[in-house]
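The values are calculated or read from the model by the stated rules, or taken from the named source; none is laboratory data. A quick note: this is a predicted structure, and the numbers were derived from the prediction, not measured. Note that each Cβ is placed from the backbone with ideal geometry, even for glycine, and that neighbours are counted across all protein chains shown. Protein only, heavy atoms only, side chains kept; ligands, DNA and RNA dropped before computing areas. Shrake-Rupley method; radii C 1.70, N 1.55, O 1.52, S 1.80 Å.
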Amino acid sequence: MVFKRKKKQTTLKNLKSLFFPEGGWRRDIEYLSHRIKRLKDSPHRIALGLSFGVFASFSPLFGFHIVLGALLAYVFKANIFASVFGTFFANPITFPFIAAISFKTGIFILDQFFILKNDRNSADTWILDSELKGLGVFEKFLVEVYFDKFIPYAIGGIICGIITGFIIYILSKSLIDSYQKRKRKRKSNKIKTKI
């Protein structure tokens, strides 16, 4: 293998590098932005792919963010590689914030629009305790996790993902467009100087 390390890293160092990369987060972000700008596609398709990747990173389907982002990019004819890069929006630093914002937004939406109010003020109000009494321990656990955690997270993730994806699309499209114009201008200047 060409890029294999001479010294094998320990598990602890591998875990540490997830949160604190050796070159720093700035270097990783610069590398990703450089790779995104160099994709050979229209600014619209690249920006759309990025926004789908960012949208997918708000999903509660952990482990499937890349698959979801790539699938959305394929369906809507966006750049699939850009969508994969966009899923890196959810990383060990940003993930706690994404999860907290998505979950709180979902709870707020459910409490405001879908749940009949009673004594309690959280998403558990839409499953009555009397309905849970007839279930076994495992079924009760699944129902409570599904209704109390997954559904609020999913609803909040969809809303926050759409908003964040839209912002990423607007910003990245203009940046990629200006980069590609500068690149074309440099190429045409080189050709002129050769002639």
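Of note:
- By accessible area with a 1.4 Å probe, ligands and nucleic acids excluded, highest first: order of 173, 187: 187, 173
- Gyration tensor (alpha-carbon) shape descriptor, the stretch 63-114, a/c threshold 1.5: oblate
- The figure for residue 98 is an accessible area of roughly 10 square angstrom, using a 1.4 Å probe on the protein chains alone.
- The packing ranking, built from the mean of other Cβ atoms within 10 Å per residue, places the peptides 74-81, 151-158 in the order 151-158, 74-81, highest first.
- For residue 169, solvent-accessible area (1.4 Å; no DNA, RNA or ligand), Å²: 40
- Protein-only accessible surface order, largest first, of 176, 167 at 1.4 Å: 167, 176
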